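**Q** The structure under discussion is supplied below as structure tokens; questions concerning it will follow.
Where a number appears in this text, it was derived from the coordinates with a stated rule and is not lab data. Here the structure is a predicted model, which is why all the values come from computation and not from measurement. Every residue, glycine among them, receives a Cβ derived from its backbone with ideal geometry; neighbour counts consider all protein chains shown.
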Amino acid sequence: MTTEELIAQFSDLATDMCVKMQAKNNDYAGKRDPLKNLRKHGVYGITIRMDDKLCRLDSFFNPAEAVERKVKDESVDDTLMDLATYALLAIILRRDEERSSAPREAAL
């Protein structure tokens with residue numbers, strides 16, 4: 001693989017991740033506050049969701065955890081993409097909370 005191929009694949013995955021996040025965000029949070037569902041439990045809540053995804057990955061790779069899959073449409077790649085999305089959403093939520101709590105100058 002060349003550097004150009006790596007960058008192209010990374011860009012394609014990031015685009016796919018963004019499209020999926022937009023669709024899910026619409027369903028979970030709505031238009032008023034796109035972080036509404038994440039604010040409820042904050043960054044800690046996101047880390048819990050990430051841990052769920054890590055457990056899911058463990059079930060894929062750890063033979064001792066292997067079970068017959070009831071959810072057939074979630075692949076390893078889907079789970080890894082969800083993890084990456086949650087990581088980015090945690091950063092966005094932290095930045096938004098920091099910006100919201102920063103002292104604001106009084107309007108003149």
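**Q** Return the inverse of the average 1/r over all pairs of distinct C-alpha atoms in segment 35-97, which is the Kirkwood hydrodynamic radius, in Å to one decimal.
**A** Working: mean 1/r = 0.0787 Å⁻¹.
Every distinct Cα pair counted, the radius reaches 12.7 Å.
**Q** Taking the chain as a Gaussian network, where each spring joins two C-alpha atoms under 10 Å apart, which residue of LEU35, LEU80, LEU13 fluctuates the most?
**A** Evaluated over the chain, the most mobile residue of the options is LEU13.
**Q** Treat every Asp and Glu Cβ in the chain as -1 and every Lys and Arg Cβ as +1, leave all other atoms uncharged, and give the resulting dipole magnitude about the Cα centre to the nearest 20 debye. Numbers along the way, then the final one.
**A** Numbers: 17 positive and 20 negative charges, 147 e Å.
Once rounded to the nearest 20, the dipole reads 700 debye.
**Q** Just from its helices, what would the mean residue ellipticity at 222 nm be for the chain, if runs of 4 or more DSSP H residues each count -39500 (n - 2.57) and the sum is divided by every residue, rounded to the nearest 500 deg cm²/dmol?
**A** Counting only the DSSP helices, I get -24000 deg cm²/dmol.
**Q** Now for a separate question. Can you tell me the FRET efficiency between ASP73 and SER100 if r is taken as the Cβ-Cβ distance and R0 is 25 Å, rounded to the nearest 0.05? All intermediate terms of the calculation are to be shown ahead of the outcome.
**A** Values: r = 37 Å, r/R0 = 1.47.
After rounding to 0.05, the efficiency reads 0.10.
**Q** Please compute, over every Cα-Cα pair in the chain, the percentage with a separation greater than 23 angstrom. Please list the in-between numbers first.
**A** Values: 2559 of 5778 pairs.
When every Cα pair of the chain is considered, 44 percent fall beyond 23 Å.
**Q** Could you check the simple spin-label distance between ALA8 and LYS31, using points 7 Å along Cα→Cβ, in nm with one decimal?
**A** Once both label points are built, they end up 3.8 nm from each other.
**Q** Given points 7 Å out from each Cα along the Cα-Cβ axis, report the LEU80 to ILE92 separation in nanometres with one decimal.
**A** In this crude spin-label approximation the distance works out to 2.2 nm.
**Q** Going down the table (LYS20/LYS72; LYS40/LYS72; LYS31/LYS53), which pairs top 22 Å between alpha carbons?
**A** On the way: LYS20/LYS72 18 Å; LYS40/LYS72 30 Å; LYS31/LYS53 26 Å.
Pairs exceeding 22 Å: LYS40/LYS72; LYS31/LYS53.
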